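**Q** So that we are looking at the same thing, I have put the structure below in structure tokens.
The values are calculated or read from the model by the stated rules, or taken from the named source; none is laboratory data. The structure displayed is predicted, hence computed values, not measured ones. Note that we place each Cβ from the backbone using ideal geometry, even for glycine, and neighbour counts take in every protein chain shown. Surface accessibility is based on the protein's heavy atoms, side chains included, excluding ligands, DNA and RNA. Shrake-Rupley method; radii C 1.70, N 1.55, O 1.52, S 1.80 Å.
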Amino acid sequence: MHTDSLLIVGGGGHAKVVMDVAKLQADSHRYSLRLADDNLALAGTRLMGLAIIAPIALALAKGGRFHVAIGNNQARAQLNGLCQEAGMESHSLVHPRAIVANSAKVGGGSFVAAGAILAPDADIGLACIINHGAVVDHDCRIGAFSHIAPNATLAGGVTLGERVLIGAGANVLPGVKIGDGCIVGAGAVVLNDLIAGRTYVGTPARCVREN
Ligand SMILES: CC(=O)SCCNC(=O)CCNC(=O)[C@H](O)C(C)(C)COP(=O)(O)OP(=O)(O)OC[C@H]1O[C@@H](n2cnc3c(N)ncnc32)[C@H](O)[C@@H]1OP(=O)(O)O
């Protein structure tokens, strides 16, 4: 019998991936699932078999736990704040086929997808996404609301600020520090520290704009 409810916030592509894990764990973690999105056109439609509640405010009154399943870092941060203000408790989800070292930490509300690797002493902040096949190697620190996209690799001792996007397949060399709000393009190779609030692309990564 379920003893708790888990609200998944978001009804897009990333929510599908999150729902896949949440459904796998619903019985062993003893929760029932709910799903909400602010797109009123989605009200009553189904995602992975679950009817979407819209707007999100309608789903907050019931309390319980929540996980924001939205890829955009700013939106994920804002909706985490909204759910916490409503008195709900954030819930992290880790795919059973992710590899997570005993000493790695996964912050509240974060998501770790299938095939991701978190090495010893990797420290993942609040409400981050470590996507499919991403590698976060030993001693990396990932700031809140950051997203490591599929197959990106952070070598040992990399430090990310908050709300950083590391694009799909990008590589970051050992010990590099990346400032708050940076975007690293898909496939980039980051050799040196990056200044906050800028977008970098290419090999070696170069700044193409201030966000
Ligand atoms: C499951 C999932 O799907 S998770 C989703 C993960 N998402 C990603 O990995 C996407 C990462 N995003 C990107 O790589 C994007 O291209 C960004 C954010 C770096 C740039 O996007 P925009 O800000 O729209 O920039 P724009 O497309 O105008 O490109 C600016 C310049 O950078 C170049 N550029 C853009 N992206 C890249 C890239 N990944 N590598 C090399 N060059 C690039 C463009 O060709 C352009 O060059 P130009 O000025 O010489 O013509």
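**Q** Which distance in nm do the two modelled labels at H132 and S28 give, with both placed 7 Å along the Cα-to-Cβ direction?
**A** Here the modelled spin labels are 2.1 nm apart.
**Q** Under 23 Å Cα to Cα from K62, which lysines show up? Leave out anything in the same chain fewer than 8 places away.
**A** Cross-link targets: K16, K23.
**Q** Taking the Cα atoms of the stretch 5-91, report the difference between the largest and smallest coordinate on each principal axis, in whole Å and largest first.
**A** Rounded to whole Å, the extents work out to 29, 27, 23 Å.
**Q** Turning to a different aspect of this structure: Compute the angle between helix 13-25 and the longest alpha-carbon principal axis of the chain, please, reported from 0 to 90 degrees and rounded to the nearest 10.
**A** 60
**Q** Over all directions, what mean area does the Cα convex hull of the stretch 155-201 project, stated in square nanometres?
**A** 2.6
**Q** Once you have the Cα-Cα distance between A61 and V208, take 0.36 nm times their residue separation minus that, and quote the gain in nm to one decimal.
**A** Numbers: separation 147, 0.36 × 147 = 52.92 nm, distance 4.34 nm.
Answer, rounded to one decimal: 48.6 nm.
**Q** Sticking with this one: With springs only between Cα atoms under 10 Å apart, run a GNM on the chain and tell me which of V201, V164, V136 wobbles the most.
**A** Per the Cα network of the chain with a 10 Å cutoff, V201 tops the list.
**Q** Taking the full set of protein chains and a 1.4 angstrom probe, give the accessible area of L191 in square angstrom, rounded to the nearest 10.
**A** Accessible area of L191: about 80 Å².
**Q** Give me the Kirkwood hydrodynamic radius of the stretch 94-202 in Å, from all C-alpha pairs, to one decimal place? Kindly include the intermediate steps, with their values, before the conclusion.
**A** Working: mean 1/r = 0.0775 Å⁻¹.
Computed over the stretch 94-202, the radius equals 12.9 Å.
**Q** So how tilted is helix 73-85 from the main axis of the chain? Cα-based, degrees 0 to 90, rounded to 10.
**A** Its long axis makes an angle of about 40 degrees.
**Q** Charges only on Cβ, +1 for Lys and Arg, -1 for Asp and Glu: so what's the dipole of the stretch 13-126 about the Cα centre, in debye to the nearest 20?
**A** On the way: 10 positive and 8 negative charges, 61 e Å.
In debye, rounded to 20, the stretch 13-126 gives about 300.
**Q** In terms of solvent-accessible area of protein heavy atoms at a 1.4 angstrom probe, what is the ranking of D20, D137, highest value first? The partial results should precede the final answer.
**A** Values: D20 75, D137 55 Å².
The residues order as D20, D137, largest area first.
**Q** Follow-up question, since we're still on this one. Take the chain, drop everything but the C-alpha atoms, weight them equally and run the Debye formula without solvent; then report log10 I(q)/I(0) at 0.12 Å⁻¹ to two decimals.
**A** Per q value, in the given order, log10 I(q)/I(0) is -0.59.
**Q** Could you please put H132, H67, H147 in sequence from largest to smallest accessible area, using a 1.4 Å probe? Don't skip to the end; give the middle numbers.
**A** Values: H132 75, H67 0, H147 25 Å².
Ranked from most to least accessible, the order is H132, H147, H67.
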